[in-house]
Amino acid sequence: MKIDHSLPLEYSTEENRLKVLGFWIFLGAEIMLFATLFASYFTLVNRTGNGPAGADIFEITPVLMETIVLLTSSFTIGLGVHAMRLRNKKAMLSFFAVTLLLGAGFLAVEISEFVHYVHIGAGLQTSAFTSILLTTLGTHGAHVTLGIFWGLFIMLQVKQRGLTPETANKSFIFSLYWHFLDVVWIFIFSFIYLKGMM
């Protein structure tokens, strides 16, 4: 395995560069998944039947909390990758840990929000609107949950094996995934919540 020391650790081998490219292609498929969910949402948003509309159930406080927490986690994962490039393993692991804690905080608020929706009669079977709303939010939440477990496994590998081209590559790919989830959330925040509150 030929290592190019002029490149960042995560790009330092041909295999690593191909893995990053492959992950960008995978993210293209993920974009199509969320694009389909958004298209379905915009089609069904006014089909509320006897159930509530977005303006009736959306509350700005939990949504703002989720947004601030997730955007902060995007910043901390960036700091983690920066620390990784400086080969500061301790700082990298610390920033990754903070990122995952923020992700868990986001999930806690989202779960309480789901419980609130069901409690006020906005469940999966209430209307086409509530069904696509909960499906879209739930799909994003499932991705965050997967990300938390994935991040934990990467942290364990870095802790055991140190910063190698392989662990750096995995960590960098994970950071791309995390940033992707934040970008998707900005669309959810803007086009589902803010638009729904108007």
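The values are calculated or read from the model by the stated rules, or taken from the named source; none is laboratory data. None of the values given here were measured: they were computed from a predicted structure. Note that each Cβ is placed from the backbone with ideal geometry, even for glycine, and that neighbours are counted across all protein chains shown. To get the accessible areas, we keep the full protein, side chains included, count just its heavy atoms, and leave off ligands, DNA and RNA. Shrake-Rupley method; radii C 1.70, N 1.55, O 1.52, S 1.80 Å.
Under the combined filter of DSSP loop state and at most 10 neighbouring Cβ atoms within 10 Å, region 1-110 retains these trypsin sites (Lys or Arg not before Pro): K2. Could you tell me what percent of the accessible area of the chain is made up of carbon and sulfur, with a 1.4 Å probe and every protein chain present? Ligands and nucleic acids excluded, carbon and sulfur give 69 percent.
Region 61-98 and region 104-169 have Cα centres separated by 16 Å. I'd like the orientation of helix 89-119 relative to the chain: the angle between its Cα long axis and the longest Cα principal axis, in ° from 0 to 90, rounded to 10. Long axis of 89-119 versus the principal axis of the chain: about 10 degrees.
Using alpha carbons only, the radius of gyration of region 106-198 set against its Kirkwood radius gives Rg/Rh = 1.12. Estimated from helical segments only, the mean residue ellipticity of the chain at 222 nm is -26500 deg cm²/dmol, where each DSSP H run of four or more residues counts as -39500 (n - 2.57).
Computed over the chain, the P(r) tail beyond 27 angstrom holds 36 percent of alpha carbon pairs. Here is the list for region 22-100: GluC sites (Glu not before Pro) lying in DSSP coil, each with at most 12 other C-beta atoms within 10 angstrom of its C-beta, are E59.
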